[in-house]
Amino acid sequence: MSRSSVLVVFCVLLSCGAARYDFFAFVTRWTGTACLSTRANEPPPLHDVPKNVAAFSIHGAWPTNYDGTWPSFCNNSYPFKWNEIQDLKSLLDVQWPSMTGPNPDFYKHEWEKHGTCSLDVLPNEHSYFSASAKTNSNTGFAACLSRAGIKPSQTQPVSLTTLSNTLSNCVGKKVAVGCLSVRGQLHFNQVTLCLDRNFKAINCPSTTMSTAAKSCSSSSQALVVPIPQSCYNSAEGTIPISA
Ligand code: AMP
């Protein structure tokens, strides 16, 4: 048998290039906090979000293991190509905006680091980005918050238990609520929705729950801020932060 046929047989048996992972951590950011924190911490030039940006915007769909480890950069023979997903641009602008550099730079990072690890389920860029954008637009977390009477505020914090229960009830599965301290104040930062390999919601495992809980550092409440005006037009200048 030639060397290359040995390699083919070996690869068929061992699924060469396929990463091991148990589920997707589908991480969506509270856009208000994601934007506020970049305005507070990152040097200009920053990237503005569109007026109709989603209240929860995608960070990434991350193949992850129950033990808390995750594969990354799994296939460097499939580099990011913007032209493969250009037809999704208007959807991604709203559902998956970058707060810092140009959107395609953000997509390149997420694709090469995470997307290349789930080629067995989402076999190309188009399926990875469109499945993610559709999942986010269908999830309805923002509507669930507003039905529960949770309104964005720069001053009135919200109970993290209420937030977590509301978002979990919204999808009928346990989701993981994460926080971030911005200028010394704890902010609701992101929610992780855990998805099986068919992109169906499952309860997040304890590893995902405890990492998220740590980010909230045993606090009972956090601010759920509105999107600062400067996130729509950083050229207009000042950051309207009350804290
Ligand atoms: P990224 O945008 O992919 O570079 O990830 C942003 C942050 O999330 C980094 O701090 C990573 O360490 C963390 N992260 C990335 N992938 C995962 C994952 N599958 N599970 C948990 N955390 C992750």
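The values are calculated or read from the model by the stated rules, or taken from the named source; none is laboratory data. Small disclaimer: the values here were computed from a predicted structure and weren't measured. Every residue, glycine among them, receives a Cβ derived from its backbone with ideal geometry; neighbour counts consider all protein chains shown. Note: areas computed on protein heavy atoms with side chains; ligands, DNA, RNA excluded. Shrake-Rupley method; radii C 1.70, N 1.55, O 1.52, S 1.80 Å.
Calculated FRET efficiency, residue 229 and residue 40, Cβ-Cβ r, R0 25 Å, to nearest 0.05? Mind showing how you got there, number by number?
Values: r = 14 Å, r/R0 = 0.57.
Once the sixth-power term is evaluated, E becomes 0.95.
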Pull up the cross-link candidates among the lysines for residue 81, meaning alpha carbon to alpha carbon under 24 Å and not fewer than 8 places away within one chain.
89, 108, 113, 134
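Relative contact order (percent) for the chain, with alpha-carbon contacts under 8 angstrom and 6 or more residues of separation?
Numbers: 418 pairs, mean separation 64.5, N = 243.
Normalised by residue count, the contact order of the chain is 27 percent.
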Just how much of residue 137 is accessible, in Å², when a 1.4 Å probe is used and the result is rounded to the nearest 10?
60 Å²
With a 1.4 Å probe and all protein chains kept in place, how much accessible area does residue 125 have, in Å² rounded to the nearest 10?
0 Å²
Run the numbers for residue 214 and residue 100: contour at 0.36 nm per residue of separation, minus the present Cα-Cα distance, in nm.
38.5 nm
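Using the Cβ atoms and a cut-off under 14 Å, what net charge is assigned to the surroundings of residue 113, where Lys and Arg are +1 and Asp and Glu are -1? Present the calculation step by step, with values, prior to reporting the outcome.
Details: positive: 108; negative: 105, 110, 112, 125.
Net charge around residue 113: -3.
Sort 120, 48 by accessible area with a 1.4 Å probe, largest first. Can you show the working numbers first?
Working: 120 90, 48 50 Å².
Output order, biggest surface exposure first: 120, 48.
For 99, 209, give the ranking by accessible area with the largest first, probe 1.4 Å. Could you put the intermediate results ahead of the total?
Details: 99 5, 209 50 Å².
Result, largest first: 209, 99.
If the viscosity is 0.692 mPa s and the temperature 37 °C, what Stokes-Einstein diffusion coefficient in µm²/s follows for the chain when Rh is the Kirkwood radius over Cα pairs? List each step's numbers first, then the result.
Values: Rh = 18.9 Å.
Translational D for this selection: 173 µm²/s.
Once the piece of chain linking residue 200 and residue 137 is laid out straight, how much longer is it, given 0.36 nm per residue of separation minus the C-alpha distance between them? Before the final figure, lay out each step's value.
On the way: separation 63, 0.36 × 63 = 22.68 nm, distance 1.43 nm.
Result for the pair: 21.2 nm of gain on full extension.
If you average the sequence gap of Cα pairs under 8 Å that are 6 or more apart and divide by the length of region 24-81, what percent do you get for the contact order? Each step should come with its number before you reach the end.
Working: 43 pairs, mean separation 27.6, N = 58.
Relative contact order comes out at 48 percent.
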For residue 22, project a label point 7 Å along Cα to C-beta. Then give me every residue of region 169-196 with its amide nitrogen under 18 Å of that point.
173-177, 192-196
Ignoring everything except DSSP H segments at least 4 long, calculate the 222 nm mean residue ellipticity for the chain; use -39,500 (n - 2.57) per segment, divide by total residues, nearest 500.
-10500 deg cm²/dmol
Which percent of the accessible heavy-atom area of the chain goes to carbon and sulfur, probe 1.4 angstrom?
54 percent
Skip the ligands, DNA and RNA, and give the accessible area per residue of the chain with a 1.4 Å probe, whole Å².
49 Å²
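Grab the other residues whose beta carbon is less than 12 angstrom from that of residue 57, score K and R as +1, D and E as -1, and report the net. Don't jump to the answer; show the numbers that get you there.
Working: positive: 29; negative: 93.
Value of the local net charge: 0.
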58, 202, ranked by accessible area, largest first (probe 1.4 Å):
202, 58
